[in-house]
Amino acid sequence: MALARRTLDLVNIPSQSGSEAQVYTYVDACVPLHTAFSDGESAIYAKREGKPLVLLAGHTDTVPAQGNLPGRIEDGSVVGLGASDMKGGLAVMIELGLWAAETELAYDLALLFFPREELGPDVNPLPAVFERTGLVDEAQLVICLEPTDNTLQLGCLGNLSARVVFHGKSAHSARPWLGVNAIRLAFDGLRQALDAEPRDVEIDGLLFREVMSVTQLHAGIASNVIPARAEAIVNFRYAPDRTAESAAKHIHELFGPEVDISSNSPPAHVALRSPLVERLRAVGGFEVQAKQAWTNVADFAARGLDAVNLGPGATRYAHAVDERVEITELERTFDALQRFLVGSV
């Protein structure tokens, strides 16, 4: 029950994005390994003996509470805010740190805790961490303990958001023929995104589904005015066979060179052929899947590192009001990573 109690402790520490200081202090007090890096928000704890380095990574923040604090242990699960995404993964990391301090490992181990993951790429702290320490670049494998239902999820989609503006001409709504309705222009101009079919891409036997969606549309100033301006947000989740540059080019080809790309986080490569990934899969008996989303594995992949998603949380409960993580799944992740780190076959 140590993992369950640790998870419950973490759930009961509020750490909505931007307010992670208390959980940072808790983690710092718990992990007995050497502090290899700390900037007061992110921290890396490590056990170094000159062996190949495995790095475990997890974010300390959650989405806002939905009346799901405090947490509780119920029906074989830890229930409460962040239990799945990803306080359960953090608990596994902390308990592995305590165990590793007293255990001979086959690999060096580093634990990276970082904030603000739920807020998106604009406030991503990882690039600053990478600039200030070279330790991350030594990792032979990075494991992000995002919720994956204990499946080994490889690669990830890129995530691009673009602002598309349509300019019409305002007029009185009683005489619309005197104007040009920007909403009509938007519907016509966004047709390619609205009607776009998913593009299925297979990489090393894993299927990624590339999709484009119109996620926001803003227009109009009054009920009796034909709008002269409409603004849409197009979100493009693109497959790992594209680069960030080629994804941006595709958007400009569809909507014109004046489109403002507000964010563009590249995908991660599929590390299926890594010997360490194969060992991890075999040790845990994990099913291998494509990551149909963007995660921080892409930050590590951009530096040429092999990175995978593997965590005890259930994706169906992430961000849900009844968020939870099963205790047996916590134990499965922990036991598999123990066997992997000591070199068991």
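Here 65, 128 are screened, and the one residue that is touching a Leu at 6+ places or on another chain (Cβ under 9 Å) and more than 18 Å from residue 331 (Cα to Cα) is 65. The set of residues in segment 139-155 being acidic (Asp, Glu) and either in a helix (DSSP H, G or I) or out of contact with any strand residue (DSSP E or B) (no Cβ under 8 Å at 6 or more places or on another chain) (or both) consists of 149 alone. Checking every residue in segment 125-138 against the condition of being acidic (Asp, Glu), more than 25 Å from the chain's Cα centre (by Cα), in a helix (DSSP H, G or I) and surrounded by fewer than 23 Cβ atoms within 10 Å (Cβ to Cβ) gives zero matches. State all residues of segment 291-336 that are among the aliphatic types (A, V, I, L, M) and over 11 Å from residue 150 (Cβ atoms); if no residue qualifies, say none. Passing the criteria: 293, 297, 298, 301, 302, 305, 307, 308, 318, 320, 321, 327. The criterion of at least 1 residues that are among the acidic types (Asp, Glu) and under 27 Å from residue 5 (Cβ atoms) is met, among helices (runs of 4 or more DSSP H) falling completely within segment 256-345, by 327-341. Number of residues in segment 96-124 that are outside any loop (DSSP other than H, G, I, E, B), surrounded by fewer than 22 Cβ atoms within 10 Å (Cβ to Cβ) and either within 18 Å of the chain's Cα centre (by Cα) or acidic (Asp, Glu) (or both): the value is 6. Restricted to segment 75-85, and to residues there that are over 13 Å from residue 12 (Cα atoms) and of a type outside the set (Gly, Ala, Ser), the residue that is surrounded by the fewest Cβ atoms within 10 Å (Cβ to Cβ) is 75.
The set of residues from segment 190-220 being free of Cβ contacts under 8 Å to residues at least 12 places away in the same chain and either part of a loop (DSSP other than H, G, I, E, B) or within 26 Å of residue 170 (Cα to Cα) (or both) comprises 191, 195, 197.
Kindly establish whether residue 221 is in the same structural domain as residue 253 (by TED's automatic domain parsing) and surrounded by 12 or more Cβ atoms within 10 Å (Cβ to Cβ). Criteria not met by residue 221. For the criterion of being without any contact (Cβ under 8 Å) to a residue 40 or more places away in the chain and assigned by TED's automatic domain parsing to the domain that holds residue 299, residue 59 fails.
The values are calculated or read from the model by the stated rules, or taken from the named source; none is laboratory data. If you're wondering where the values come from, they're calculated on a predicted model, not measured in any experiment. Methodologically, a virtual Cβ is constructed for each residue, glycine included, from the backbone with ideal geometry; neighbour enumeration extends over all protein chains shown.
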